Amino acid sequence: MALTALDRKLIAWSATFVISQVNIARLLGPVARRVWEVQTATSARAYRDILDKMDEVETARYKSHYYPDFVHPFVYAVALRTGARRLAELTPLSPTTQTVLAVAPVISAAGDYAENVVGLHLLSNRDHITDAAVRATTAVSVTKWVLALCTLSYLSQGFVRVWARKLQG
């Protein structure tokens, strides 16, 4: 079976996502575990404690990940939306499902951008770390993750079903 233009686009954006994610992980190195901790902090005290655990080198590594992470949300949103369009070509999806699969990655990416701006600001302005700011940022972070991972899960199971049908007959 020949690849369609949309297949090629999906492969290219998916590969770009993987490269972007690997680059961010490379920049973070051993500080990568702090990302999840920061994104799920529930208070100003907890947030400051996480940042205080990092020395100058670790803080610099952590800060460095934000810059490529201003491109990353666009990349994953396009990859997910492209996957949704391709899945819709291969199997019937309701208009509501198609809308959710088109909108969820955009909302996720927008949240990621907001989270990055706030995170970078708070990293340099620790006196601005408040319970309200941390809780709002955590809510955005968790929502971002849920939207992106649920979209990816839906697409994955959809493609598996399509491939299973093709193998059966």
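Between region 117-169 and region 23-80, how many Å separate their Cα centres?
One Cα centre to the other: 14 Å.
Among Pro73, Pro95, Pro105, which one shows the biggest mean-square fluctuation in a GNM of the chain, springs joining Cα atoms closer than 10 Å?
Looking only at Pro73, Pro95, Pro105, the largest GNM fluctuation is found for Pro95.
Work out, step by step, the length gained on full extension between Thr40 and Ala132: first 0.36 nm times the residue separation, then minus their alpha carbon distance; give nm to one decimal. Spell out each step's value before the answer.
Values: separation 92, 0.36 × 92 = 33.12 nm, distance 1.33 nm.
Length gained between Thr40 and Ala132: 31.8 nm.
What is the ratio of the Cα radius of gyration of region 101-154 to 2.2 N^0.38 Å, where N is its residue count, to two decimals?
Here the Cα radius of gyration is 1.25 times the empirical estimate.
Going by a ≥ b ≥ c, the root eigenvalues of the Cα gyration tensor, does region 1-52 fall in the rounded group (a/c under 1.5), the prolate group (a/b larger than b/c) or the oblate group?
prolate
How large, in Å, is the chain by the Kirkwood hydrodynamic radius built from its alpha-carbon pairs?
Averaging 1/r across every pair of different Cα atoms and inverting gives 17.4 Å.
Keeping to pairs on different chains or 8 or more places apart, tell me how many lysine pairs in the chain have Cα atoms under 30 Å apart.
Lysine pairs meeting the criterion: 5.
Dipole size in debye (nearest 20) for region 5-168 around its Cα centre, Lys and Arg Cβ +1, Asp and Glu Cβ -1?
Its charge dipole is roughly 700 debye.
Taken together, the values in this text are just the output of simple stated rules run on the coordinates, not laboratory data. Just so it is clear, the model here is predicted, and its values are computed rather than measured. Here the Cβ is made from the backbone with ideal geometry for all residues, glycine too, and neighbour counts use every protein chain on show.
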